[in-house]
Amino acid sequence: MSNCIFCEIIEGSIPSEIVYEDEAVFAFRDINGQAPLHVLIIPKQHIASINDLETNNAHLIGQLYLAAKEIAQTEGYTDQGYRVVMNCGEAAGQTVFHLHLHLLAGRPLTWPPG
Ligand code: AMP
């Protein structure tokens, strides 16, 4: 999709530090990391937010979580623990309207989040 920064990252026209890629999923380090590990896991298909999900996206959402599990393992955080979170809409802090999971690890993560 034009004017989507994450679509441009997938295309490679904006550089990123890629940590995972398969036919449907792309993951890269957050430019403003909030923890020692902060990776964004996104579908290659442009979907703006959870509000735009449809029934036939159900498998894709599972693929995002399986990628999170694999990245956490590769980065060495399986046993220590990690957080996977998806913001939906401005009040929740969503600033980029291309669906993305945040994978965070490497420091104590408090609950509830701010
Ligand atoms: P959210 O606020 O949930 O929409 O998350 C968007 C995330 O994208 C933020 O954590 C930003 O730091 C991150 N971000 C924005 N632009 C880039 C970029 N060019 N490369 C990597 N991460 C980015």
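The values are calculated or read from the model by the stated rules, or taken from the named source; none is laboratory data. In this text, all values refer to a predicted model and were calculated from it rather than measured experimentally. In this analysis, Cβ positions are derived from the backbone assuming ideal geometry, glycine residues included, and neighbour counts consider all displayed protein chains. In case anyone asks, the SASA skips ligands and DNA or RNA and just uses the protein heavy atoms, side chains included. Shrake-Rupley method; radii C 1.70, N 1.55, O 1.52, S 1.80 Å.
For the range 12-21, a residue qualifies if it is part of a loop (DSSP other than H, G, I, E, B) and either surrounded by 14 or more Cβ atoms within 10 Å (Cβ to Cβ) or small (G, A, S) (or both), and the qualifying residues are G12, S13, S16. Evaluate the following for N56: is it away from the ligand (no atom under 15 Å from the Cβ) and either open to solvent by 90 Å² or more (accessible area, probe 1.4 Å) or in contact with a Pro (Cβ under 6 Å, 6 or more places away or on another chain) (or both)? In short, yes. Residues in the range 77-112 that are more than 16 Å from the ligand (Cβ to nearest atom) and touching a Gly at 6+ places or on another chain (Cβ under 9 Å): Y77, Q80.
To keep it simple, each residue is scored yes or no on (1) among the aliphatic types (A, V, I, L, M); (2) closer than 15 Å to G106 by Cβ; (3) in a strand (DSSP E or B); (4) at pLDDT below 95.
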| site | (1), (2), (3), (4) |
| --- | --- |
| I10 | yes, no, no, no |
| E23 | no, no, no, no |
| F26 | no, no, yes, no |
| I31 | yes, no, no, no |
| I41 | yes, no, yes, no |
| Q45 | no, no, no, no |
| H59 | no, no, no, no |
| I71 | yes, yes, no, no |
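For the condition open to solvent by 50 Å² or more (accessible area, probe 1.4 Å), β-branched (V, I, T) and in contact (Cβ under 8 Å) with a residue 24 or more places away in the chain, T95 does not qualify. Confirm whether A67 is free of Cβ contacts under 8 Å to residues at least 12 places away in the same chain and either open to solvent by 30 Å² or more (accessible area, probe 1.4 Å) or touching a strand residue (DSSP E or B) at 6+ places or on another chain (Cβ under 6 Å) (or both). No. Residue check: I18 meets all listed conditions (1) within 11 Å of the ligand (Cβ to nearest atom); (2) out of contact with any strand residue (DSSP E or B) (no Cβ under 6 Å at 6 or more places or on another chain); (3) not small (G, A, S) but one, namely (2).
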